[in-house]
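Before any comments, here is the structure.
The values are calculated or read from the model by the stated rules, or taken from the named source; none is laboratory data. Not measured: the values here are computed from a predicted model. Every residue, glycine as well, gets a Cβ built from its backbone with ideal geometry; the counts of neighbours run over all protein chains shown. Areas reflect the complete protein model, heavy atoms only, side chains present, ligands, DNA and RNA absent. Shrake-Rupley method; radii C 1.70, N 1.55, O 1.52, S 1.80 Å.
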Amino acid sequence: MIENSIYVNTLFLTWQSNKDRNERHLVGALKRLDSGFEFSYLVETPDYNDALVKGFQGYPAFPLNKGPFTNDVMATFMKRLPPRSRRDFRKYLVNHHLPEIFDGSDFDLIAHTGVQLPSDGFDLIPNLEEAEVPFDYLMQVAGTRHYLTYEQASKIDLYSVVELKLEDDNKFDCYAVAVLVGGVVIGYVNKLFCATVRKLMERNLKCYIAQISGTLERPLIYVMISAN
């Protein structure tokens with residue numbers, strides 16, 4: 001269970017093509033400001049331009065080549081989450097390792113749960129660079145299906161200690177951080193988190209297996225990161 005909630009002022013919008021599930025692109029930013037909330041596309045970044053090449057057409061409510069957007073921004077993204085008034089909302093919280101009574105804001109809720117839907121490739125993730133320690137964050141391990149079958153993943157014990165290993169010589173990404181259990185690589189840290197995780201590794205960072213799910217074709221493993 002998450003004991004120390006994460007608090008940031010920036011959530012990054014990521015996008016993944018339905019035709020290519022191997023890479024997630026950073027395409028926008030949702031910011032919490034004193035005056036409200038603002039969403040804008042990160043049009044100057046290589047990730048954004050690469051996403052356009054791969055078919056990115058923008059988030060449905062926010063047309064490309066416009067913005068920043070300030071009207072009903074949070075309400076737009078909250079449509080992707082169950083309302084707090086639902087009877088099973090507490091179950092939703094527990095499924096994301098949050099306490100049954102969550103008194104954080106909607107922005108804080110998204111920071112912990114994301115906004116993934118099976119119908120598209122969008123998600124919102126926190127800018128961990130802004131997070132003050134201590135905090136706990138449930139992170140999906142990237143690329144697990146390339147290293148483990150679903151059967152192998154399901155045999156990993158929950159709460160197993162996770163080791164993070166820097167891979168400065170990784171030919172695909174010199175900032176890569178491998179995720180290991182019992183000395184075996186089970187995947188990698190999301191590339192959007194690597195820079196921050198590398199800094200946190202210089203402090204007291206504890207990681208363990210918190211959840212295993214997914215399908216035969218796509219096993220999913222989630223690691224709880226506790227920064228102190």
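Observations on the model:
- Residue 227 modelled with pLDDT under 95 and under 15 Å from the mean Cα position of the chain (by Cα): no
- Listed by first and then second residue, the pairs with beta-carbon distance under 6 Å, at least 6 apart or on different chains, first residue in region 14-36 and more than 10 Å from residue 51 (Cα to Cα) and in a strand (DSSP E or B), second of a type in the set (Phe, Trp, Tyr) and at pLDDT 95 or above, are 28/41; 29/12; 30/39; 32/107.
- For region 112-129, the criterion of a residue being of a type in the set (Asp, Glu), assigned to a helix (DSSP H, G or I), modelled with pLDDT under 95 and under 26 Å from residue 58 (Cβ atoms) is satisfied by at least one position.
- Within region 157-180, the set of residues being open to solvent by less than 30 Å² (accessible area, probe 1.4 Å) and more than 25 Å from residue 12 (Cα to Cα) comprises 160, 162, 180.
- Number of the condition not met by residue 53 [criteria: (1) of a type in the set (A, V, I, L, M, F, W, C); (2) farther than 18 Å from residue 191 by Cα; (3) in contact (Cβ under 8 Å) with a residue 12 or more places away in the chain]: (3)
- Number of positions in region 24-52 that are open to solvent by less than 60 Å² (accessible area, probe 1.4 Å) and either more than 13 Å from residue 107 (Cβ to Cβ) or in contact with a strand residue (DSSP E or B) (Cβ under 7 Å, 6 or more places away or on another chain) (or both): 17
- Of residues in region 101-111 being part of a loop (DSSP other than H, G, I, E, B) and out of contact with any Leu (no Cβ under 6 Å at 6 or more places or on another chain), the one surrounded by the most Cβ atoms within 10 Å (Cβ to Cβ): 104
- Listed conditions (1) aliphatic (A, V, I, L, M); (2) under 21 Å from residue 98 (Cα atoms); (3) part of a loop (DSSP other than H, G, I, E, B); (4) touching a Pro at 6+ places or on another chain (Cβ under 8 Å) are all met by residue 148, apart from (2).
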